[in-house]
Structures are given as C-alpha cells and as structure tokens.
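Written out below as structure tokens is the structure these notes cover.
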Amino acid sequence: MINQLVIENLKHRPVRTCLSVLAIGISVTLVLTIVGLSHGMLEDNARRARGIGADLWIRPGGMQLGTGGGSAPFNEKLVPALEKFEHVALATGTAIYPLQFPQSIQGIDFEKFDRLTGGVRFVEGRVFRAPDDIVVDSEYAAERKLKVGSKIKLVEREWTVCGIIEPGKLSRIFLPIQVVQEFTGNTGKVSQIFLKVDDERNIAAVKAKLKETFPEYGILTLEEIVSLYSVDAIAPIKIFIRVIVGIAVVIGFVFVFLSMYTAVLERTREIGILKALGASPAYIMAILMRESALLALAGSLLGIAFSYGTREIFRILIPASMQQKIMPDWWPIAAAIALGGAFLGTLYPSYRAAKQDAIEALAYD
Amino acid sequence: MTNGHATAATPDLMVEIQGLRKTYRVGEVDVHALRGVDLNVNRGEFVAIVGPSGSGKSTLFHILGGLLAPSAGTVRVGDQDLAAMRDSERTNFRKANVGFVFQKYNLLPTLSAEDNINIARHIAGKNGPPDEFFARALELLGIAQRLHHKPRAMSGGEQQRVAIARAIVNHPALLLADEPTGNLDSENSDAVLDLLRELNHRLGQTILMITHDPEAAAFADRIVYMRDGHIVPGPSSTKAPDR
C-alpha cells in the first residue's frame, strides 16, 4: 500500500519527479563518465604499450607515466650498445615531444619500430619521405578530420600527413626521430629505449643484467608497464574519482533535499490525514524514504543510459583524446552513491513531516 | 481494543468524560478551551455537539480523536483512557478505535477511493479483506461503482461517502464527524446525514458529530450544546426532535 501511495505521489507531480530523476541521473552520469574515462584512457594507453611489442622498456629512473615530456636523457649511442647485450634481438629509442594532454609526438626510427611492433599497417599513405611528413593513427585522423595530404600545424610548424596507420602502437603521432631530436634540442639523445629479447624465457635474465649495469635506470617488463596503467596505481586519479563521487553525492543530496522538502510542504495536509488515520512517524518517514529511493533508482538507470550517450559523444568527437569505458562494475556503486545522496537529502524533510502536528496539518490549505 | 491503558468502563458507555479541561498557551496567555466538560455517550448512540465558534467543540473532537492530549480530567473511549496516553499511544489508538469524517473530506488526492479506504486498513495493520460490517456499510454508502475513481473525479457528496467508508473500515468504536455537511449542498447534506443515521441505526455505529447546523444536528439521537468551554443546557432539552 505504501508503494502504491509512493508511486501515485510521484505520478502526481510529474515535472518535479522528472527533474529530480534527471538531476540524480546527471550525478550518476558524472560518476560513470569520469570513472569510465579514467579506466578507458588508461586501458587505451596499456593497449598501445602492448602494441609496441617490446619486452623491456628503459626509462629514466623515477619517471612517472605520462611524464618525461621533451626530456631525452639517454645518448642514442646506448641503443646499438644495448643491442649487443646477450639475448637482445632488437633495440630502438624514441624521442618524445608532449602535446596538449593526452597526446604526444613520438620520434621513431621507422624501420626498427616496424620490426619491433611486428609490422606497422598503413590504412592509407606511406612512411615519411619529405622533411615535413608526419604519420598519424586512424583515430587521431578521425578526430582531426585528416587524410593523406592534409596539412596539420603542430609545434609551430606545418606538417603534411603522409600516412595513416592502424591505432594501438605506442602513440598516435609519429615523426622521424631526428626531427623530434632537432626541435626539442636533444640531438643525439633519446627519451626511452625499447628492447626485444630473443626468447621470452630470457627476459628476466636480460632485465637483471641491465639493472646490474644501469642501476640508475628504470627497466620494466611489458607487464610491469601495463600494470602501471591502472587507476589503483595512479594516486591522483583515485583522489580525482573520490572527489567526483563526493560531488555526485552532494548533487544528489541537494536535489533530493529540495524536492522532498517541497513535497513535504505541499503535502502538509496529506501528512495530517495520514496522522489522523494513525500513521506513526516511522510510517510517514518510510513513505518519503521510499519515494526518494525510487527517484534515486530511476536516476541511476537514467545515469547508466546517459553514460552510453557520453561514450558515444567522446567516440564520435574525440576518439583519439578520450576513451570512455562502460563500467558495469560501477553501476551498483553509482546507484549506492545516488541512494546515499537521496537518503541524506530525505532525512530532514521526512523528520519534519514525521514531527508535524496533525491538527495544524489538517488545517493547512 | 487493548492499548495499554484499558480501564474498567461502564458496559453501555462508549464515551465517558469527566472534568475535562484543555488549556492552550498562546504567547504568554493561557486560553482555556475546555473548562470542565462532563459528557457520557452510550454505545450505539448518535450525538450531535452544537455550539458557536470558540465554544470548545473542536477541541473536544480532537481530544476524543486522540489528536490532542487533555490538560486535566478523564476521557475514556471504550476501555481506553486517553488522558493517560503518550503521543505514540494516542497514534496507536487512532488506528482502529476512532474514525474521522471531516468537513473538507480530507481524502488523499493521489489515491483512488478504494485505496483511500485501503490505506486506513493498512495503517491499522489489517491486510485481509474488509469484514461483513464494512461490506454492509459499503452497500449503504452506495459508492461501489466509484471506488476506482480519484477524488478529483468525484462530487463532494461522493467524496464524503468515501471519507465515511474510510472512517468506518476498521470498525471503530467511535465515529467522529466534524461538520460533515459543511461543504455540501442541501441534497448531498441530507444524503450524508441519512447515511450516518443508517450506519448508527442499522449497524450500531456510535457517532459523535460536531455541527453549526441545527438541521444537521436534528439527525442525531441527542444534541449537546457547548459554549465557552462548557456543556450548557440547550434551548429545548437535549433530545433531538423526531425526523
């Protein structure tokens, strides 16, 4: 019977009900989108790291993921020296030039990069030939509406797209390594070095030898690199998500509070009727709590649906910059956040309703 | 009717009030709404309480309905001593011991007539089908065809019949009606008053009705007059004229 009353009450004020559901839905969308972006972008990075095909990465010691922009601490002569290590089949260095987040230009030795990755597949065009040639991946090309022959301005220079490759290999924008070394002022230096080992059973031994030889360098296996591309491994992202969750709770709380507070004022007389019939304070509170719980659940479903919408928007507008993952694991968490906000927002209005004087409420017009 | 304050009551008395006083504090002034009311209502009696505004009849109505605590005196409805009850006990008392009929009907606008009746049963903790008493009452009320309508789709007379049905669905010891015809035209007023009398005569429902209207009061078995917080002798005894 309470459920019947709750549903009828919600139907009785469709605009307020819809606005409340929309507000809660937006806060749920906010959570699911931010979490989905965090996971999606990290997974995209992990996918591209795997796509390199390297068994070992050599980076400056202490370098964090997504940093190291423009710095090139290794002498490029180290690359052929590393190739001479036992069981190292291939070594190649790249020079990084960071662009606006999350993009960067990777300066590569195309011939070696092609071998390392097991073959770069061109969707369109060819490798660099002219000094202003640039290669991009198909997702970046889609985002920037580029074709072979298109002009693109990066680093204060105009480049001509000579080739578009399939995505999933290290970066989305590639130039010859010498070009990047030149405009970063790091001629003869590289930012990181990738190694291919002759047999995966030898990876640990090669790593140990390298650690012994270059104790100041960060030497990581592919799996170690990939494991770093997780939300749990990156403290600022965890904090960021917590902040967003907090904001979502506050949004849910404020909207539900206003909605339920208005509802209690509007229904003063009805609350008086229920009290005259013998409804206890707990009965009155249960009605309002169930009402806000229903709003929160409907808002959660709407938020989940909206998160598919935001994913599509990112996919269509900026497929290379933002990758949102749909996060079913987070649906119950987002719903719990919405319910928590709604519960907090209903506490005071329902307490006020429960404490209302029945005689005064019945006299209310 | 076991509410924790059951007392030995005279078998034929449904309402027993002795020395009832109610004083409100308004700002720094004490307002004496009831100044020592003594009133007995027999089981199965239909009593009208008539008096001008400020006479204390609404306060008496609220105290008898368990909506208000008395300041002093004894108030028994059936075997329940309302004067000794706490708020929560009076809430429990209201669930099944009294039924209210208000001037403005006071139906829940979002629910159908049937659900307005059902919610009274739900609050009283009764979930099964209504008893034989209510089936007969529903027959008398003549609203069977309108039960699925919401209040806004019903006339005032129909709404008041639904309100009466809701008031008696739990078979209360006492039906309290506060100006039940105050918002109705004369035709619907007579119909509602006839219904109250039928409920009283045929089903033995004890009714206490507050009214300004002498014609409405004439439907009762007995008329009690109030003035300035007292029960006073009426202009022509306390026996209602025959109708």
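What residues have an amide H closer than 5 Å to that of A:Gly163, excluding those fewer than 5 places away on the same chain, when H is modeled at 1.01 Å from N in the peptide plane?
HN-HN under 5 Å from A:Gly163: A:Arg126, A:Ile134, A:Val136.
Taking amide hydrogens as modeled 1.01 Å from N in the peptide plane, which residues meet the under 5 Å criterion relative to A:Gly107, leaving out close sequence neighbours?
Here A:Ala95, A:Ile96, A:Tyr97, A:Leu175 satisfy the definition.
How much length is gained on full extension from A:Val250 to A:Glu360, taking 0.36 nm per residue of separation minus their Cα-Cα distance?
36.3 nm
Please compute the Cα-Cα pair-distance distribution of chain A with 20 Å bins starting at 0, giving whole percents from short to long.
25, 38, 22, 14, 2
Given contacts defined as C-alpha pairs under 8 Å and at least six residues apart, what's the relative contact order of segment B:118-193, whole-number percent?
Computed value for segment B:118-193: 36 percent relative contact order.
For peptide A:347-359, how many partner chain Cβ atoms fall within 10 Å of a residue's Cβ, on average?
Other-chain Cβ atoms within 10 Å of each residue's Cβ, averaged: 1.
Just A:Ala81, A:Ala338, A:Ala353 to compare: in a GNM of chain A, with alpha carbon springs under 10 Å, which one fluctuates most?
Fluctuation is largest for A:Ala81.
Relative to the longest principal axis of the C-alpha atoms of chain B, give the angle of the C-alpha long axis of helix B:87-96, reported between 0 and 90° and rounded to the nearest 10°.
40
Under a GNM of chain B (C-alpha, springs under 10 Å), which listed residue has the highest mean-square fluctuation: B:Val75, B:Val29, B:Val98?
So, out of B:Val75, B:Val29, B:Val98, the one fluctuating most is B:Val29.
Any idea what angle helix A:331-355 forms with the longest principal axis of chain A, computed on alpha-carbon atoms, 0 to 90 degrees, nearest 10?
So the inclination is approximately 30 degrees.
Apply the Karplus parameterisation 6.51 cos²θ - 1.76 cosθ + 1.60, with θ equal to phi minus 60°, to every residue of segment B:33-44 and state each ³J(HN,Hα) to the nearest whole Hz, in sequence, with x for glycine and proline.
For segment B:33-44, the Karplus curve yields 7, 10, 10, x, 9, 10, 7, 10, 10, 6, 4, x Hz.
For segment A:222-365, calculate the relative contact order in percent as a whole number, restricting contacts to Cα pairs under 8 Å that are 6 or more residues apart.
In percent, rounded to a whole number, it is 45.
Given the pairs B:Lys57/B:Lys126; A:Lys355/B:Lys22; A:Lys238/A:Lys325; A:Lys112/A:Lys189, which span a C-alpha to C-alpha distance of over 26 angstrom in this model?
Where the Cα-Cα span goes over 26 Å, the pairs concerned are B:Lys57/B:Lys126.
Can you compute the label reach from A:Val231? Point 7 Å from Cα along the Cβ direction, backbone N cut-off under 19 Å, restricted to segment A:7-43.
The answer is A:25-43.
Average partner chain C-beta neighbours within 10 Å, per residue of B:113-123?
4
For the protein assembly as shown, with only Lys/Arg (+1) and Asp/Glu (-1) charged at the beta-carbon, what is the dipole magnitude about the Cα centre, in debye rounded to 20?
800
Taking the Cα centre of segment B:40-139 as the origin and placing charges on Cβ (Lys, Arg +1; Asp, Glu -1), which of B:Ala83, B:Gly65, B:Ser53 is farthest toward the positive end of the dipole?
B:Ser53
What does the helix-only formula give at 222 nm for chain B: each DSSP H stretch with n ≥ 4 adding -39500 (n - 2.57), the total divided by the residues, and the result rounded to the nearest 500 deg cm²/dmol?
Here the helix-only value at 222 nm equals -9000 deg cm²/dmol.
If the cut-off is 21 Å between C-alpha atoms, which lysines fall inside it for A:Lys147, apart from same-chain ones fewer than 8 positions away?
Those lysines meeting the cut-off are A:Lys169.
Could you check the simple spin-label distance between A:Arg121 and A:Ala282, using points 7 Å along Cα→Cβ, in nm with one decimal?
6.5
Enter the angle in degrees (range 0 to 90, nearest 10) between the Cα long axis of helix B:186-203 and the first principal axis of the Cα atoms of chain B, meaning the one along which they spread out most.
80
Given +1 on the Cβ of Lys and Arg, -1 on the Cβ of Asp and Glu, and no further charges, what dipole in debye does chain B carry about its Cα centre, rounded to the nearest 20?
480
Quick one: A:Thr213, B:Thr59, fewest Cβ neighbours within 10 Å first, how do they rank?
Ranking A:Thr213, B:Thr59 by Cβ neighbours within 10 Å, fewest first, gives A:Thr213, B:Thr59.
Only Cα pairs under 8 Å and at least 6 apart count here; give the relative contact order of chain A as a rounded whole percent.
Reported relative contact order: 30 percent.
Listing A:Tyr97, A:Tyr261 from the residue with the fewest other Cβ atoms within 10 Å to the one with the most, what is the order?
In order of increasing Cβ crowding within 10 Å: A:Tyr261, A:Tyr97.
Pick from A:Pro60, A:Pro332, A:Pro98: which is most flexible by mean-square fluctuation in a GNM of chain A where alpha carbon atoms under 10 Å apart are linked?
Greatest mean-square fluctuation among the candidates belongs to A:Pro332.
Given the -39500 (n - 2.57) contribution per DSSP H run of 4+ residues, what per-residue ellipticity at 222 nm results for chain A, rounded to the nearest 500 deg cm²/dmol?
Calculated mean residue ellipticity at 222 nm is -18500 deg cm²/dmol.
Order these by the 10 Å Cβ neighbour count, fewest first: B:Thr23, A:Thr94, A:Thr268.
Least crowded to most crowded, the residues run B:Thr23, A:Thr268, A:Thr94.
Read-outs: derived from the displayed coordinates by stated rules, not from any lab. A quick note: this is a predicted structure, and the numbers were derived from the prediction, not measured. As a convention, Cβ positions derive from the backbone with ideal geometry for all residues, glycine included, and neighbour counts pool all protein chains shown.
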